[in-house]
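Down below is the structure, laid out as structure tokens.
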Amino acid sequence: MSGSLTVVGTGFLVAGQITPESLACMRGAERLLYLVAEPATKHWLEAECPGAESMHDAFWEGRSRLEAYEEVVERILAPVRAGRQVCAAFYGHPGVFVHPSHEAVRRARAEGFTAFMLPGVSAEDCLFADLGVDPALHGCQSFEASDFVVRRRRVDPRAALVLWQIGALGVTTYSVAPLWNAPGLALLVEALSEIYPAAHEVVVYEAALYPVCEPLVQRVPLADIGRAKVSTYSTLYVPPARQASVDEGMRSRLGLGVAEAEPS
């Protein structure tokens, strides 16, 4: 079979975070389909790749997200099945909270086509840079917010916690305005309050979309998350609530000194 699929990410900051590898794939594709978050990236992408086709019209007010995702997957696969070299571009990282990208690759491979995904820059990568967080220092746990609440996920308060899409808890349909679900957010605060003190400082975060803009960084007590500016794009960063203890026996067996086992 001659058709193929490459899935790439555009990162954020318009074209500022796309990798050279991903850009080359976009330029070399016979068909380029894309989903991006804002108009500046759309205009840049269409200028770089004339003939690029947006899939944003698969989403409309009140439509089931799963129905829209299914349409996106099939629109990506149609030219692949017709023997074309296809590139599908999504904003951010193409494999982070992008159901259609994974499903398109899975179906293409199942049908015998060559399909793969290239890495990109995600909101979490931006968060680590903007907040000065090293996930290796204390460890890091990551969950989608609705999943965290519904499945009652167990977390270690001695490690950092990242919760994605905190404004979209329980939301299953598409909305043009990036509004947030206040009752769902209240449930999230309730669940977190079982683990962390009400006064524990957390960060409501959104990566910058334009080079001239700053990221949205709101540091608030856990109990006041509902008073912050929240959208469906918001990510919540919860720093460790306390220091993890050291198993002295394990440290000794590893031959580590204090400085080696407890980086500052």
**OP:** Find the Cα radius of gyration of the stretch 9-80, compare it with 2.2 N^0.38 Å by division, and give the number to two decimals.
**Re:** 1.15
Subject >> Order by protection proxy (mean Cβ within 10 Å, highest first), peptides 246-253, 157-164, 51-58 >> reply: 157-164, 51-58, 246-253
Subject >> Accessible area per residue in Å² at 1.4 Å probe, computed on the chain >> reply: 51
Subject >> Beta bridges per DSSP with both ends in the chain, % antiparallel, nearest 5 >> reply: 40
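In debye to the nearest 20, how big a dipole does the stretch 141-264 give about its Cα centre with +1 on each Lys and Arg Cβ and -1 on each Asp and Glu Cβ?
About 200 debye.
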Original post:
Working out 0.36 nm times the residue gap between Ser142 and Arg253, then minus their Cα-Cα distance, what length gain in nm do you get to one decimal?
Top reply: 36.9 nm
**OP:** Using the Kyte-Doolittle scale, find the helices of the chain whose mean hydropathy is at least 0.0 and whose Cα atoms extend 15 Å or more along the helix's long axis, counting only whole DSSP H runs.
**Re:** 182-193
Subject >> Volume of the Cα convex hull of the stretch 72-222, divided per residue and given in Å³ >> reply: 155
Subject >> Span from the the stretch 148-219 Cα centroid across to the the stretch 28-71 one, whole angstrom >> reply: 26
Original post:
So what is the 222 nm mean residue ellipticity for the chain from helices alone, if each DSSP H run of at least 4 adds -39500 (n - 2.57) and you divide by all residues, rounding to the nearest 500 deg cm²/dmol?
Top reply: -9500 deg cm²/dmol
Original post:
Which value, in Å to one decimal place, does the Kirkwood hydrodynamic radius take for the stretch 90-136 when every pair of different Cα atoms is included?
Top reply: 12.2
**OP:** Could you give the size of the charge dipole of the chain about its Cα centre, using +1 on the Cβ of each K and R and -1 on the Cβ of each D and E, expressed in debye and rounded to the nearest 20?
**Re:** 440
**OP:** Compute the Rg to Rh ratio over the chain from the alpha carbon atoms, using the Kirkwood formula for Rh, and round to two decimal places.
**Re:** 1.03
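The values are calculated or read from the model by the stated rules, or taken from the named source; none is laboratory data. Bear in mind the structure is a predicted one, so any value in this text is a computation, not a measurement. So basically every Cβ, Gly included, is an ideal-geometry build from the backbone, and we count neighbours across all protein chains shown. Calculation scope for accessible area: heavy atoms of the full protein, side chains included, ligands and nucleic acids excluded. Shrake-Rupley method; radii C 1.70, N 1.55, O 1.52, S 1.80 Å.
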